[in-house]
Each structure stands twice: as C-alpha cells, then as structure tokens.
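Readers should treat all values here as calculations from the given coordinates under stated rules, not as data from a laboratory. As the structure is a prediction and not an experimental result, all values here were calculated from the model. Cβ sites come from the backbone with ideal geometry, for glycine too, and all protein chains shown count toward neighbours.
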Amino acid sequence: MKKNISMSEVLKLSVAERIQLVEDVWDSIAAIPEAVPLTSKEKAALDLRLEAYHKNPSAGSPWREIKKKILSQA
C-alpha cells in the first residue's frame, strides 16, 4: 500500500512528529540494507576500512568516546 503525503501535510506536523516520521522512514530503509546499492567506489572504500580494522582493531575509538569528545567541544 502506497500512501502519498504532501510536503504541506508534513509541515503541519509538530517538530517532534516530523522527527518521528524521519526516524520511521530511516528505520524502514535500514531494515533492508541490500535495497541501497553501493557504487563500486563506495564498496572499495568500505572494504579498505574493514581490512584496516581487521589488521588493527584497537586503532579506532568507540562511538561513545567520539561523541563525548565532540559534545565536550560544543
């Protein structure tokens, strides 16, 4: 079932409702990652990053640490 929603209808929603709408749309996309095609260049970049991680998993930092650092600078 396809439901058409106009931009004017979206803009009538509260900010909280629009954020929820965006989250719902994103979750529906993330649920089927194979539906989002990668270019060969994107795939190669991801493969290189994964290879680098496997060679040295301690080289990076966990997201929670990065987020904390970013937020402390704001």
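Miscellaneous remarks
- Complete set of residues in segment 26-74 that are polar (S, T, N, Q), in a helix (DSSP H, G or I) and surrounded by 10 or more Cβ atoms within 10 Å (Cβ to Cβ): S28
- Residue in segment 11-25 that is touching a Phe, Trp or Tyr at 6+ places or on another chain (Cβ under 8 Å) and loosely packed, with under 11 Cβ neighbours inside 10 Å present: no
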